[in-house]
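Structure, as structure tokens:
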Amino acid sequence: MGALFVKPRLPIFSTLAAAYREWRRALSALRPPIINAFIILTAVAAVGEMIPQRYWDANPLGEIMSLMQTAIRALLLAPIVIAIHRFVILGEVRRAFTLPLGEPVFWTFFVWLFVIEVLIGLPFEVLGAMQALDLSLQATTLGLIVALIVAAAIVLRLIVLLPAIAVGAPGASPAQAIADTKGQALRILAIVLLAVLPWFAANIASVLLLGRRMEIPGSPQMMIGLVMGGVLQTVVLSLTAVIASLAFIALGAQVRRAGAAAPRAPA
């Protein structure tokens, strides 16, 4: 009878250190794609700022526009995120920006990236809906907390799905991703928060320094704010892609099976 496999717990601080190490390597090796990500994120945000707020507030037009914005962002960012996953997991360097629209794997990756982005934004949509219904503060707060917990739980359990699709892992599926991350969600959450919270804190401090003139369309402060927002989103996108890749390497069942089947080098 074979030995019972016990899934290891994902180490928090060593994974965090590895994430920053691999992130720095990715910034160097994948500089053109990372710059493209910054341009895309900043441009999408700038276009959104140019649309009058009354259109975003209108229902259902606002929801449709928000989904279209998310879909466009996911479509343009998909090849960049794929490049990061393949660099961390396979050591492959992809510097050119292309949209491989004829590849089914690309569309699968895009769909799941879009789904995850929608889930991340879901709590804020729920908050807006509850405020529109003029619910009490207690009900709104409770609904927001529930939405945050549900969305975070789903996203964290699916975090290894995108890297699995990116490298063409056999059997890559939501069910497999959920099985691989069983009992690991809080550890993954801790790694992600420790990685990105310092960047959010720095961005908040910068926003406070710029003041309320950031809200004036076309003002220098608003332009600086858009650039800072693009930098923050690029950092968060690339760092979380690296963390997802490392989680896939550590937890992915397909990786473990491949490693077990491969001949080991002599000691």
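Given N residues in the chain, what is its alpha carbon radius of gyration divided by 2.2 N^0.38 Å?
Taking N as the residue count of the chain, the ratio is 1.09.
Residue farthest toward the positive end of the dipole of the chain, with Cβ of Lys/Arg at +1 and Asp/Glu at -1: which of P163, L226, I64?
Farthest towards the positive end: P163.
How large is ³J(HN,Hα), in whole Hz, for each residue of the range 134-146 in order, when computed from phi with the Karplus curve 6.51 cos²θ - 1.76 cosθ + 1.60 and θ = phi - 60°, using x for Gly and Pro?
Karplus values, whole Hz, x for Gly and Pro: 6, 6, 5, 4, 5, 5, 5, 5, 4, x, 5, 5, 4.
Let's see if you can work this out: charge +1 on each Lys and Arg Cβ, -1 on each Asp and Glu Cβ, no other charges. What is the dipole magnitude of the chain about its Cα centre, in debye to the nearest 20?
1100
How big is the dipole moment of the range 101-255 about its Cα centre under a simple scheme where the beta carbon of each Lys and Arg is +1, that of each Asp and Glu is -1, and everything else is neutral? Debye, nearest 20, please.
300
On a full-extension model of 0.36 nm per residue, what is the gain between L209 and I224, subtracting their alpha-carbon distance, rounded to one decimal in nm?
Contour length minus the Cα-Cα distance gives 4.3 nm.
Per-residue HN-Hα couplings for the range 25-31, Karplus 6.51 cos²θ - 1.76 cosθ + 1.60 at θ = phi - 60°, whole Hz, x for Gly and Pro?
Ordered by residue, 3J(HN,Hα) equals 5, 5, 4, 7, 6, 10, 4 Hz.
Counting only residues 5 or more places away or on other chains, whose amide H sits under 5 Å from the amide H of V167 once H atoms are built in the peptide plane?
Amide H to amide H, under 5 Å and 5 or more residues apart or across chains, V167 pairs with nothing.
For A71 and S14, compute 0.36 nm times the residue count separating them, minus their Cα-Cα distance, and round to one decimal in nm.
The A71-S14 span can extend by a further 17.1 nm.
How big is D for the range 30-120, in µm² s⁻¹ as a whole number, if Stokes-Einstein is applied with the Kirkwood radius of its Cα pairs at 10 °C and 1.306 mPa s?
Rounded to a whole number, D works out at 111 µm²/s.
Hey, with R₀ at 25 Å, roughly what FRET efficiency would L142 and L122 work out to, going by the Cβ-Cβ distance, to 0.05?
Efficiency for this residue pair is about 0.95.
Enumerate the amide H contacts of E92 below 5 Å, restricted to partners 5 or more residues apart or on another chain; note that Pro and chain-start residues carry no placed amide H.
Under 5 Å from the amide H of E92: F87.
Readers should treat all values here as calculations from the given coordinates under stated rules, not as data from a laboratory. Quick caveat: nothing in here was measured; it's all calculated off a predicted structure. Neighbour counts run over all protein chains shown; Cβ positions are idealised from the backbone, glycine included.
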